[in-house]
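The next block holds one structure in the form of structure tokens; read it before the comments.
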Amino acid sequence: MAAIPAEIQKLQEELIKNRDSFQKLEQELQKLSANRSKLLTQLNENEMVKKEFDLLEVDAKIYKLNGPVLFKQTKDEAENTIAQRLNIINTNLKQVETNFKETEKKALDQRTKIFEIQNKIRAAVQPPQPKQQ
């Protein structure tokens, strides 16, 4: 009978370790989700700016705010800046999406391990049921 409590103790320690890992993965998913939302907001803002630039005349006066100073830019310079920003944002967004999917898979695997350990603990605690005929 002494083997069962030791086995249960070992399973409980393993359960706690896996639960802690799962919680860390959940926190990571929350951070990635917040980062994704921020990037999507930036993407939408920059796409709106690009659409506004498409409506401007070629010789339109465009100013860029840099700190407290406005600098004059050509339309081509401004469009190139926006294109570079969109490229960077899209690259970052793809990376966040990849990390999110990987972390989500790890969390799902961790959750499965937790359920398996919980089932082992239940089986170890409950005495075997006699078969009914």
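What the table below lists for this structure:
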quantity: The one condition in (1) without any contact (Cβ under 8 Å) to a residue 24 or more places away in the chain; (2) surrounded by 11 or more Cβ atoms within 10 Å (Cβ to Cβ) that ASP59 fails to fulfil; calculated: (2)
quantity: Residue within segment 65-79 that is β-branched (Val, Ile, Thr) and either free of Cβ contacts under 8 Å to residues at least 24 places away in the same chain or within 30 Å of PHE22 (Cβ to Cβ) (or both) present; calculated: yes
quantity: Subset tally (residues that are assigned to a helix (DSSP H, G or I), surrounded by 13 or more Cβ atoms within 10 Å (Cβ to Cβ) and not acidic (Asp, Glu)) for segment 66-81; calculated: 3
quantity: Neighbours by Cβ (under 9 Å, 6+ apart or cross-chain): first from segment 91-117, over 12 Å from GLU28 (Cβ atoms) and at pLDDT below 95; second outside any helix (DSSP H, G or I) and not charged (D, E, K, R); calculated: none
quantity: In segment 63-89, the residues that are modelled with pLDDT under 95 and touching an Asp or Glu at 6+ places or on another chain (Cβ under 8 Å); calculated: LYS75
quantity: Test for ASN35: is it assigned to a helix (DSSP H, G or I) and closer than 26 Å to LYS24 by Cα; calculated: yes
quantity: Of all residues making up segment 50-62, the number that are hydrophobic (A, V, I, L, M, F, W, C) and either modelled with pLDDT of 95 or more or part of a strand (DSSP E or B) (or both); calculated: 1
quantity: Some residue of segment 36-56 being touching a strand residue (DSSP E or B) at 6+ places or on another chain (Cβ under 9 Å) and free of Cβ contacts under 8 Å to residues at least 60 places away in the same chain; calculated: yes
quantity: Subset tally (residues that are surrounded by 15 or more Cβ atoms within 10 Å (Cβ to Cβ) and either polar (S, T, N, Q) or not in a helix (DSSP H, G or I) (or both)) for segment 82-117; calculated: 4
quantity: Selection count where residues are under 22 Å from GLU97 (Cβ atoms) and either touching a residue at least 12 places away in the same chain (Cβ under 8 Å) or among the acidic types (Asp, Glu) (or both), scope segment 20-35; calculated: 8
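The values are calculated or read from the model by the stated rules, or taken from the named source; none is laboratory data. Keep in mind it's a predicted model, so treat the numbers as computed, not measured. Heads up, the Cβs are rebuilt from the backbone with ideal geometry, glycines too, and the neighbour counts pull from every protein chain shown.
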